[in-house]
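Okay, structure first, notes after.
Nothing in this text is a laboratory measurement; each read-out follows from the coordinates by a stated rule. All values reported here derive from a predicted model rather than from experimental measurement. Using ideal geometry, Cβ is built from the backbone for each residue, glycine included, and neighbour counts are taken over all protein chains shown.
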Amino acid sequence: MRKILPAFLSCQGLTLTEAEKKLFAQYNPLGVCLFAKYCNNIQDNAQLSALTREIKEVIGRDDVLIAVDQEGGRVRRLLEPEFTAVTAAENLNTTELVKAHAYLISHDLKNSGINVNFAPVLDIMQPETSNVLAGRCFPKEHGRFGFVMVHEYISHGICPCIKHLPGHGRTKADPHLTLPIIDADLATLQSDFAQFKATADAPMGMAAHILLQAVDAENPVTFSAKAIQQTIRQEIGFNGFLVSDAIVMQALSGTIADRTRRALAAGCDAVCLGNADFAANEALCQSGAELTDEAAERLKKIKQIIDKTDKFSDYEKIKNNYCAMLKNIISYDYHYDATEVLNRLRKQ
């Protein structure tokens, strides 16, 4: 059996280049993460469906994990009018809305060949929280919404990925640009852990690029065996597949290969490269990373989920109800787009 590279790679356009085809075929990545900006992977449903088919054919596996960040609001890669307009998590204030939200996103993803959504965000907003999380978190009083959304995605054949473990809500800085440091004590952090404990059965989770001084004063969570094993695995009880946040972010230091090796050594099951260029993809592939037996075992649950099919026969009805419940107020009026900030930095 071919070894699987434990990584979500990226690609640079609406179709794969010949170099990308060769790289993907040679290194057999676990998955690919698609983006709307910088990498410019998404135009419309026909193009996107063709790209996801091409990725699977080139790699030679039907179970390639193809992921996006389709949270809703400003963090969405599939854009209207071609795809369904979905609001930010902060506007979801009933269980019915949460279910409809996940249903509509599942419809668009499943119909275009995407099987993983890097959502929902389970961080809890605080007065000091960086704008990087603005609008992306559920209202504080609705701690069960994460559980509801996770299981709604699963029921429609989409693997959800809860983020950002073990809790990103107290960060004053943006990890795209620098390493956020959280100095709260463990007793205070318990409220941040609570939403993740409620969804500890989720099939996939994303590790945060944050430094929790009360847990590990030297290493960000992504590189911290203590944070991953003691806090995420034991205290929170998460036993799903753990993937890093995008390792191109400036919160981390070292080469792409170094970052990959450190994250996997600390206990991440795989890394997400992020919206990176071909050289970064090549560097990750050459890092020598291998999927562990424990990670392969956790993948079995994900494969069972993405094999599910759904005709989404209630799509029009649910979409109309969703818009009516929101009174057609679907606002993306935020003044901070972290991905765009990172894109601009790359162009300097």
**Request:** Just rank THR255, THR231, fewest to most, by other beta-carbon atoms within 10 angstrom.
**Result:** THR255, THR231
**Message:** Exceeding 18 Å between C-alpha atoms, which entries from my cross-link table qualify? They are LYS56/LYS110; LYS110/LYS163; LYS37/LYS99.
**Reply:** LYS110/LYS163; LYS37/LYS99
**Request:** Rank the residues SER224, SER155, SER244 as a footprinting-exposure proxy: fewest other Cβ atoms within 10 Å of their Cβ go first.
**Result:** SER155, SER224, SER244
**Prompt:** Within the chain, which DSSP H helices have Cα atoms that stretch 30 Å or more along the helix axis and a mean Kyte-Doolittle hydropathy of at least -1.0?
**Reply:** none
**Asked** Using modelled amide H (1.01 Å from N, peptide plane; none on Pro or chain starts), what sits under 5 Å from the amide H of CYS272, excluding residues fewer than 5 places away?
**Response** PHE8, SER244, ILE247
**Asked** All other residues with a Cβ under 10 Å from the Cβ of GLU71 taken together, and with Lys, Arg as +1 and Asp, Glu as -1, what is their net charge?
**Response** +4
**Request:** Excluding ARG170 itself, calculate the net charge of residues whose Cβ lies under 10 Å from the Cβ of ARG170, where each Lys or Arg counts +1 and each Asp or Glu counts -1.
**Result:** -3
**Message:** Tell me the relative contact order for the stretch 5-343 as a rounded percent, counting alpha carbon contacts under 8 Å between residues six or more apart.
**Reply:** 20 percent
**Prompt:** Over 25 Å between Cα atoms, which of LYS197/LYS226; LYS3/LYS300; LYS140/LYS308 qualify?
**Reply:** LYS140/LYS308
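With the Cα gyration tensor of the stretch 117-156 giving a ≥ b ≥ c as the square roots of its eigenvalues, does the rule (a/c under 1.5 for rounded; else a/b larger than b/c for prolate; else oblate) give rounded, prolate or oblate?
Values: a/c = 4.17, a/b = 1.86, b/c = 2.24.
Oblate.
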**Complete:** In the stretch 5-343 the DSSP beta bridges are antiparallel at a rate, in percent to nearest 5, of 5 percent
**Request:** Would you kindly derive the ³J(HN,Hα) couplings of the stretch 209-215 from the backbone phi angles with the Karplus curve 6.51 cos²θ - 1.76 cosθ + 1.60 (θ = phi - 60°), listing them in order in whole Hz, with x for Gly and Pro?
**Result:** 8, 9, 9, 9, 4, 6, 9
**Asked** Sorted by packing (mean other beta-carbon atoms within 10 Å per residue), highest first, where do 110-117, 185-192, 267-274 land?
**Response** 267-274, 110-117, 185-192
